[in-house]
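A.B. asks: Let me begin by handing over the structure; questions about it come next.
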Amino acid sequence: MNIIELLLTELEREAQTTRKMLALIPTDKLDWAPHEKSMKMKPLATHIAELPTWITLALKTDELDFATAPYEPAVAANAEEILALFEKGLADGKGSLSEAKEEDLNGKWVLRSGEEIYATMTKYETIRHAFSQTIHHRAQLGVYLRLLNIPIPGSYGPSADDPSF
């Protein structure tokens, strides 16, 4: 199996878990956060939903410069719209990855804001970073949901709420 096939398999596997988590977001708690320093649930969920688009960003650009392309999060009013945003981004990311060649993964990619460099990675590393960010932020969302007493589905095995996994 080649690297692109492995990435596509992992992307789909993680998407299954991400869908389950995003579907649980209560509309009446979109502005809720567990702490004043924590991101509110809606921006957190929107960020998770948009992360698959970073695959395309990595493969079709050489950098993201926030100084010239400020981040504007997508608008979503409820879990259904957040899921739709995720599915659109997932299709975009899968499409770009399916069209890529192994050698495309070797190119350099930079995350910056003007002269300030946040990260310099290969395009492969950028894609893996997007996967890691998805997992990380999805876990944050799981904590938010747990604190709201919403049962959590299993991710990599059973959860306390979903022992049948």
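A.B. asks: Within the range 109-126, can one find any residue that is in a helix (DSSP H, G or I), of a type in the set (A, V, I, L, M), touching a helix residue (DSSP H, G or I) at 6+ places or on another chain (Cβ under 9 Å) and at pLDDT 95 or above? Give the steps one after another, and end with the answer.
C.D. replies: Here is the first cut: in the range 109-126, the residues in a helix (DSSP H, G or I) are 123-126.
Now narrow it down to the ones that are of a type in the set (A, V, I, L, M): none.
So far as the range 109-126 goes, no, none of its residues is in a helix (DSSP H, G or I), of a type in the set (A, V, I, L, M), touching a helix residue (DSSP H, G or I) at 6+ places or on another chain (Cβ under 9 Å) and at pLDDT 95 or above.
A.B. asks: Kindly indicate the residue of the range 118-165 that is of a type in the set (A, V, I, L, M, F, W, C) and touching a His at 6+ places or on another chain (Cβ under 9 Å) and also farthest from L64 (Cα to Cα) among those meeting that condition. Walk me through it before giving the result.
C.D. replies: First, pick out the residues of the range 118-165 that are of a type in the set (A, V, I, L, M, F, W, C): 119, 121, 127, 130-131, 135, 139, 141, 143, 145, 147-148, 150, 152, 160, 165.
When the remaining residues are screened for being touching a His at 6+ places or on another chain (Cβ under 9 Å), the result is 119, 121.
On the way: A119: 10, M121: 12 Å.
Within the range 118-165, the match that is farthest from L64 (Cα to Cα) is M121.
A.B. asks: Which number in (1) part of a helix (DSSP H, G or I); (2) in contact (Cβ under 8 Å) with a residue 12 or more places away in the chain; (3) surrounded by 12 or more Cβ atoms within 10 Å (Cβ to Cβ) marks the one condition that R146 misses?
C.D. replies: It fails just one condition, (2).
A.B. asks: Name the residue, out of S96, S113, S164, S159, that is of a type in the set (S, T, Y) and within 19 Å of the chain's Cα centre (by Cα). Write out each step before concluding.
C.D. replies: Numbers: S113 fails: within 19 Å of the chain's Cα centre (by Cα); S164 fails: within 19 Å of the chain's Cα centre (by Cα); S159 fails: within 19 Å of the chain's Cα centre (by Cα).
Criteria check complete, one pass: S96.
A.B. asks: Tell me the residue from S96, S155, S164 that is buried (at least 18 other Cβ atoms within 10 Å of the Cβ), outside any helix (DSSP H, G or I) and polar (S, T, N, Q), please. Steps first, answer last, please.
C.D. replies: Values: S96 fails: outside any helix (DSSP H, G or I); S164 fails: buried (at least 18 other Cβ atoms within 10 Å of the Cβ).
None of the other options fit; the residue is S155.
A.B. asks: Right, another one. Taking the criterion of being part of a loop (DSSP other than H, G, I, E, B) and surrounded by 15 or more Cβ atoms within 10 Å (Cβ to Cβ), would at least one residue in the range 133-143 satisfy it?
C.D. replies: Taking every residue of the range 133-143 in turn, none turns out to be part of a loop (DSSP other than H, G, I, E, B) and surrounded by 15 or more Cβ atoms within 10 Å (Cβ to Cβ).
A.B. asks: Is it true that E102 is closer than 19 Å to L8 by Cα and either modelled with pLDDT of 95 or more or exposed (fewer than 12 other Cβ atoms within 10 Å of the Cβ) (or both)?
C.D. replies: yes
A.B. asks: Say whether the condition of being surrounded by 15 or more Cβ atoms within 10 Å (Cβ to Cβ) and under 22 Å from S155 (Cβ atoms) is met by at least one residue in the range 59-76.
C.D. replies: No: zero hits.
A.B. asks: Test L111 against the criterion of being touching a strand residue (DSSP E or B) at 6+ places or on another chain (Cβ under 9 Å), under 30 Å from L30 (Cβ atoms) and buried (at least 16 other Cβ atoms within 10 Å of the Cβ), and give yes or no. Before you say what the answer is, go through the steps one by one.
C.D. replies: On the way: touching a strand residue (DSSP E or B) at 6+ places or on another chain (Cβ under 9 Å): yes; under 30 Å from L30 (Cβ atoms): yes; buried (at least 16 other Cβ atoms within 10 Å of the Cβ): yes.
Spelling it out, L111 is indeed touching a strand residue (DSSP E or B) at 6+ places or on another chain (Cβ under 9 Å), under 30 Å from L30 (Cβ atoms) and buried (at least 16 other Cβ atoms within 10 Å of the Cβ).
A.B. asks: Name every residue in the range 16-51 that is surrounded by fewer than 18 Cβ atoms within 10 Å (Cβ to Cβ), farther than 13 Å from A79 by Cβ and among the charged types (D, E, K, R), in order of residue number.
C.D. replies: Scanning the range 16-51 gives D31, E36, K37, K40.
A.B. asks: Let me ask something else about it. Does any residue in the range 68-88 that is under 30 Å from E115 (Cβ atoms) come within less than 6 Å, Cβ to Cβ, of a residue that is surrounded by 14 or more Cβ atoms within 10 Å (Cβ to Cβ) and not hydrophobic (A, V, I, L, M, F, W, C) six or more places away or on a different chain, and which pairs are these?
C.D. replies: Within 6 Å, the pairs are P73/T46; A74/T46.
The values are calculated or read from the model by the stated rules, or taken from the named source; none is laboratory data. Computed from a prediction, not measured in an experiment: that's the story for all the values here. Reconstructed Cβ throughout: ideal geometry from the backbone, glycine too, with neighbour counts over all protein chains shown.
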